[in-house]
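Here's the structure we're looking at; comments come further down.
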Amino acid sequence: MIGQTAIIDAAVDHNLVPNEYFAHFERFGAWQLDALKQIGLQPHHSLLDIGCGAMRLGLHAVPYLSNGLYCGMDAFAKYVELGNELAHVANLPPRYRLLVGDDFSFERFGVQFDFAIAQSVFTHLPAGDVRRCVAATRKVMKPGSAFIFSYLVGTPGTVGFLYAGAKPMQRSTIESESFFADLAREFGLEFQKPDIIHPTQQVGLFRYP
Amino acid sequence: MNTSERPGRFTFESLSIAEDDLQEARKALYRSTGDGYFVFRRFLGEEVVRHIRSIWPAIDPAHTHRLFESKHDFFPLCPDQYVADERGNRSFYNFFFNTPVDEVTWSASLSVQMLRNRLSGRPPLVETFPAGGRCASYRVVVTRDAKTWIGPHRDYLQEPGSLDRDKYDLTRLQATLFLSEKGHDYAGTGFRFERNDGRTVVFGTDIPMHAGDLVIWRYNNLHSVEDVSTTDGQLGFMRIIYPPEIMHAGPQAQPTAQAAAGGGAAARAGIAARQVARDVLSRLGLLETARQMLRGRRQT
């Protein structure tokens, strides 16, 4: 694994500051892979990482997916650039693909996925975008697949914000868990609350029949 | 007569600090091979430095500030506060939300605050007004005689790995706006700082500093102010620092009646409800306990 100092140095070289994303990079990357394993991820599976950032999960998942594939998409181009660099530094095998995009065009990977994850993504999207994201997964998830995500319920004091002090974004304003149950009904999915503890957020799961 | 400026002359973007302009300083501040500090030479021009140096040593704080007792007295819309001792050392805890004693210091400090915020990846005016848990002060400090003004310590690194950003935050920066010069205004050590590589430097000795120079530095790194002395006629080690202070609950944390009148029925109802709650808690002898609980909640 790449150490925290090397990750922060690489981030700063991309003009990013060592915020909480980088301060807890290893910890949350490991948590993500562990959560995916708990819902059934195995080395031969294909994995979609929505909001992949700078390969926080990818650095753990690509070596694990020894016969599988990791695909990550993020709206923040700098993170994807940094992710490619970290993947190179970590000498990852070429079983990953990264794309920049904020339109949930997951079909660009040309892959049908066994698992998907969105960690701290729905916390940074308005409800309409969460709906569009779930709708987009419907096109790329295999029957029997699963999508795990973290979320927060309630309206924060500051809804619109400048991510990293520079990029305009919105925080989630989802008022109730029933929002996800409604989405599941709308898109023919099953919504579950897995028995997985997240350090700061809640965890939900969609299963695709 | 033109009634509009040509498009693009003044825009939100052009009036903001561009991300690309911050990269060099960020590398110096945060990279393991960087210094952990970055000096903005002549941040203040001579006229502004002269002005600020003429204001603070001369004012009678009893007329402009309240005597500082505790940081628990920092709350939204609290008065500016001061401490002074018999050795001639003085500190002025000023907040941006108050009418400034000196508009020049206030304006220059707002610029420092915006630059510091942007360098640390924050919106330019965050923690400038008491809208969240912390609010920066612009603390004017004149140290004339001190063996150890503030001993070596690190900030925001109390619990490495903690998810509490008050206890572990690698982005945090502090700023020191120098308003005096070692040798001319004071003697001794002054501001000592540990670089990212662990080597210690003393500003004004190892790194030449002039009045008007601004240093922005990593708050996690070991730092101290020590061994300052002056002779008669010398100003002392004068600088402004920008601590993001925790805002506690206080009597003026509530909207004023005037603000409530402008804020509509909901704000007026809120004030009325708080007054009723205070009265009830007071009658039960629980008011101070409730305040302490509220303070505790805001600190966590």
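Taking the criterion of being of a type outside the set (Asp, Glu), touching a residue at least 24 places away in the same chain (Cβ under 8 Å) and out of contact with any Phe, Trp or Tyr (no Cβ under 9 Å at 6 or more places or on another chain), the residues of segment B:50-77 that qualify are B:His51, B:Ile52, B:Arg53, B:Ile55, B:Pro57, B:His72, B:Phe75. Among the residues making up segment B:78-97, those that are over 19 Å from B:Gln113 (Cα atoms) and in contact (Cβ under 8 Å) with a residue 12 or more places away in the chain are B:Cys78, B:Pro79, B:Gln81, B:Tyr82, B:Val83, B:Ala84, B:Arg87, B:Gly88, B:Asn89, B:Arg90. Here A:Gln170 does not qualify as among the polar types (S, T, N, Q), within 14 Å of chain B (Cβ to nearest Cβ) and farther than 20 Å from A:His45 by Cα.
Among the strands (runs of 3 or more DSSP E) confined to segment A:123-196, the ones with at least 3 residues that are crowded, with 20+ Cβ neighbours inside 10 Å are located at A:141-151.
Filtered by the rule that a residue be polar (S, T, N, Q) and free of Cβ contacts under 8 Å to residues at least 24 places away in the same chain, segment B:98-110 gives B:Asn98, B:Thr99, B:Ser107.
Between B:Leu22, B:Leu29, the distinction of being over 15 Å from B:Ser111 (Cα atoms), among the aliphatic types (A, V, I, L, M), facing chain A (nearest Cβ under 10 Å) and in contact with a Leu (Cβ under 9 Å, 6 or more places away or on another chain) belongs to B:Leu29 only.
Pairs meeting the criteria (first residue in segment A:87-105 and touching a residue at least 60 places away in the same chain (Cβ under 8 Å), second residue outside any strand (DSSP E or B), beta carbons under 8 Å, at least 6 apart or on different chains) are A:Val89/A:Ile2; A:Val89/A:Ala6; A:Val89/A:Ala10; A:Ala90/A:Met1; A:Ala90/A:Ile2; A:Ala90/A:Leu59.
Number of residues in segment B:145-194 that are among the basic types (Lys, Arg) and within 12 Å of chain A (Cβ to nearest Cβ): the value is 3. The helices (runs of 4 or more DSSP H) found wholly in segment A:10-70 and carrying at least 2 residues that are polar (S, T, N, Q) occupy A:25-38. When the test is whether a residue is out of contact with any strand residue (DSSP E or B) (no Cβ under 7 Å at 6 or more places or on another chain) and of a type in the set (Lys, Arg), A:Arg171 does not pass it. Scanning segment A:14-51 for residues that are at positive phi and within 10 Å of chain B (Cβ to nearest Cβ) yields a single hit, A:Asn15.
Out of the residues in segment B:138-173 that are in a loop (DSSP other than H, G, I, E, B) and hydrophobic (A, V, I, L, M, F, W, C), state the one that is surrounded by the most Cβ atoms within 10 Å (Cβ to Cβ). Step by step, filter segment B:138-173, then rank; the result is B:Leu170.
Here's the yes/no breakdown for (1) within 14 Å of chain A (Cβ to nearest Cβ); (2) in contact with a strand residue (DSSP E or B) (Cβ under 8 Å, 6 or more places away or on another chain); (3) among the β-branched types (Val, Ile, Thr); (4) farther than 26 Å from B:Val201 by Cβ:
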{"site": "B:Gly36", "(1), (2), (3), (4)": "yes, yes, no, no"}
{"site": "B:Leu44", "(1), (2), (3), (4)": "no, yes, no, no"}
{"site": "B:Arg53", "(1), (2), (3), (4)": "no, yes, no, no"}
{"site": "B:Asp60", "(1), (2), (3), (4)": "no, no, no, yes"}
{"site": "B:Leu67", "(1), (2), (3), (4)": "no, yes, no, yes"}
{"site": "B:Tyr82", "(1), (2), (3), (4)": "no, yes, no, yes"}
{"site": "B:Asp102", "(1), (2), (3), (4)": "no, no, no, yes"}
{"site": "B:Ser109", "(1), (2), (3), (4)": "no, yes, no, no"}
{"site": "B:Gln113", "(1), (2), (3), (4)": "yes, yes, no, no"}
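All of B:Thr128, B:Thr148, B:Thr143 fail the test of being of a type outside the set (A, V, I, L, M) and touching a Gly at 6+ places or on another chain (Cβ under 6 Å), apart from B:Thr143. The strands (runs of 3 or more DSSP E) found entirely in segment B:181-245 that carry 2 or more residues being closer than 20 Å to B:Tyr30 by Cα are B:187-194, B:200-202, B:214-218, B:223-229. Of the candidates A:Ala54, A:Ala10, A:Ala61, the single residue that is within 14 Å of another protein chain (Cβ to nearest Cβ) and small (Gly, Ala, Ser) is A:Ala10. Out of curiosity, is B:Ser107 in contact with a Pro (Cβ under 9 Å, 6 or more places away or on another chain) and assigned to a helix (DSSP H, G or I)? Yes; evaluated as a whole, the condition is true for this residue. Of the residues making up segment A:189-209, those that are closer than 20 Å to A:Ile174 by Cα and either in contact with a Ser or Thr (Cβ under 6 Å, 6 or more places away or on another chain) or away from every other protein chain (no Cβ under 14 Å) (or both) number 13.
Only the coordinates and a few stated rules stand behind these numbers; no lab work does. Quick caveat: nothing in here was measured; it's all calculated off a predicted structure. Neighbour counts are summed over all protein chains in view; Cβ atoms, including those assigned to glycine, are modelled from backbone coordinates with ideal geometry.
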